Amino acid sequence: MRIKLVITGIVACAILAAVSGCKKEEPAPVAPKADQGTASQAAPVVDAANAVVNDVTNKAAAQATAAPEQAQGLIERAKSLVADSKYTEALSSLNQLTTTKLTDEQQKLVDGLKAQIQAALAKATGSDAASALGGALGGKK
């Protein structure tokens, strides 16, 4: 009985070796060659893509140049509003600059104006509160 099992095992191994050794190799796929028609059709597409990239680059450069000028305009507007004692409007004007890239000089101006506005608002709020409190307590007439 053992001999039958050994012979069956050897035959099974021989069959597996024969089947796995008879593998047919297939050649690697060859990439199709580009013909002149495809290259000539691709050229206008490439040119159009380059034109779009150039256009976007030019617009970005123009916006980067215009940003400091717009920022300066808002700063000047805020200065005139502070001079007219319109502090909330001036602060609103300065808050529009939060997303704008400012030069160091512009940033110093904005910080100074904000400090000036906050001081003026605090002073105005303090005097309003004092006059309201004085009136409620029967202050000077």
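Only Lys, Arg, Asp and Glu carry charge here, each on its Cβ (+1 for the first two, -1 for the last two); on that basis segment 86-126 has a dipole of about 120 debye about its Cα centre. Here the extension length gained between Arg77 and Asn95 equals 5.3 nm, from 0.36 nm per residue of separation less the Cα-Cα distance. One chain, two ends: Met1 and Ile15. Fully extended at 0.36 nm per residue, the span grows by 2.9 nm beyond their Cα-Cα distance. Label separation (Ala115 vs Asp84): 2.6 nm, computed from points 7 Å beyond Cα along the C-beta direction. Compared with the direct C-alpha span, the chain from Asp104 to Ala51 gains 15.6 nm at full extension, assuming 0.36 nm per residue.
Where a number appears in this text, it was derived from the coordinates with a stated rule and is not lab data. Bear in mind the structure is a predicted one, so any value in this text is a computation, not a measurement. Don't worry about glycine lacking a Cβ; one is built from the backbone with ideal geometry, like all the others, and counts go over all protein chains shown.
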